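Right, one structure below, let's go through it.
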């Protein structure tokens, strides 16, 4: 989508939004470096994880992918989702210029492994392009939200929601509507949308620096109940 609504939120003063342009709802997901396997055929995900973290597989100048992307240049899901189509070219450029490895090219198992690792960790398999008309509805809703017209934003977001195809966008739209209803003093509706967001995408989060403490707490109170319920089912 050309202008997804989360990019608008950082500059707003409404509902306790703080300065922080470019911040995403889902933060970087650092994980411990893997151990090199012995006599095991790797899945694409496992191979990608090894390449991402270990110099033996990727680094030519003493660093690997994680050296940058788990510290000073963290990957963020919203940013990756917006640039999903350009991601293969970006990864190829990064490998060639940053870690000095021109051997890992598109179509090789190693390149496919990196793609699978990033897609899986950051939930990009759930991201699909939306119909341009639906995209327009979402952008109108976002613009009205940014202007403080929450009733207008609700109208457009609710019109777009049934037409969305991507679980990623469905979950984020539910979060957006949850925030809108919370601002409009309809906490039960807000909780319903937060619940549907978490049920659609259990990994979804909200950035506490972007929203009011009451909104953030309401979201996480709903998420905790859902996670607790799912945990109880497996006991």
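The values are calculated or read from the model by the stated rules, or taken from the named source; none is laboratory data. Fair warning: this is a prediction, and the values are worked out from it, not measured in the lab. Cβ placement follows ideal geometry from the backbone for every residue including glycine, while neighbour counts extend to all protein chains displayed.
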> Taking into account only those residues within segment 124-138 that are touching a residue at least 60 places away in the same chain (Cβ under 8 Å) and part of a helix (DSSP H, G or I), which is farthest from residue 202 (Cα to Cα)?
Replying inline: 135
> Out of all the residues in segment 78-123, which are touching a helix residue (DSSP H, G or I) at 6+ places or on another chain (Cβ under 9 Å), free of Cβ contacts under 8 Å to residues at least 24 places away in the same chain and either in the same structural domain as residue 200 (by TED's automatic domain parsing) or not in a helix (DSSP H, G or I) (or both)?
Replying inline: 83, 102, 103, 105, 106
> Based on what the data block shows, is residue 38 assigned to a loop (DSSP other than H, G, I, E, B) and either at pLDDT 80 or above or surrounded by 13 or more Cβ atoms within 10 Å (Cβ to Cβ) (or both)?
Replying inline: no
>> For residue 75, only one of the following conditions fails: (1) assigned to a helix (DSSP H, G or I); (2) in contact (Cβ under 8 Å) with a residue 12 or more places away in the chain. What is its number?
In response: (1)
>> When you check residue 54 against the structure, is it out of contact with any strand residue (DSSP E or B) (no Cβ under 8 Å at 6 or more places or on another chain), modelled with pLDDT of 65 or more and exposed (fewer than 13 other Cβ atoms within 10 Å of the Cβ), yes or no?
In response: no
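Please work out if residue 160 is surrounded by fewer than 13 Cβ atoms within 10 Å (Cβ to Cβ) and either part of a helix (DSSP H, G or I) or in the same structural domain as residue 119 (by TED's automatic domain parsing) (or both).
no
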>> Please count how many residues of segment 61-78 are crowded, with 16+ Cβ neighbours inside 10 Å, under 29 Å from residue 169 (Cα atoms) and at pLDDT 80 or above.
In response: 6
>> Can you go through 224, 195 and tell me which one is within 22 Å of residue 78 (Cβ to Cβ), out of contact with any strand residue (DSSP E or B) (no Cβ under 9 Å at 6 or more places or on another chain) and modelled with pLDDT of 85 or more?
In response: 195
> When segment 183-205 is examined, which residues are found to be in contact with a helix residue (DSSP H, G or I) (Cβ under 8 Å, 6 or more places away or on another chain), within 20 Å of residue 158 (Cβ to Cβ) and either touching a residue at least 60 places away in the same chain (Cβ under 8 Å) or not in a helix (DSSP H, G or I) (or both)?
Replying inline: 183, 184, 201, 204
> Which condition number in (1) more than 29 Å from residue 211 (Cβ to Cβ); (2) in contact with a helix residue (DSSP H, G or I) (Cβ under 6 Å, 6 or more places away or on another chain) is the one that residue 157 fails?
Replying inline: (1)
>> Looking at 148, 141 in this structure, which one is over 19 Å from residue 53 (Cβ atoms), in contact (Cβ under 8 Å) with a residue 60 or more places away in the chain, outside any helix (DSSP H, G or I) and in the same structural domain as residue 177 (by TED's automatic domain parsing)?
In response: 148
> So is residue 177 outside any helix (DSSP H, G or I), more than 13 Å from residue 223 (Cβ to Cβ) and in contact with a helix residue (DSSP H, G or I) (Cβ under 6 Å, 6 or more places away or on another chain) or not?
Replying inline: no
>> Out of 194, 219, 181, I need the residue that is buried (at least 19 other Cβ atoms within 10 Å of the Cβ) and over 16 Å from residue 161 (Cβ atoms). Which one?
In response: 219
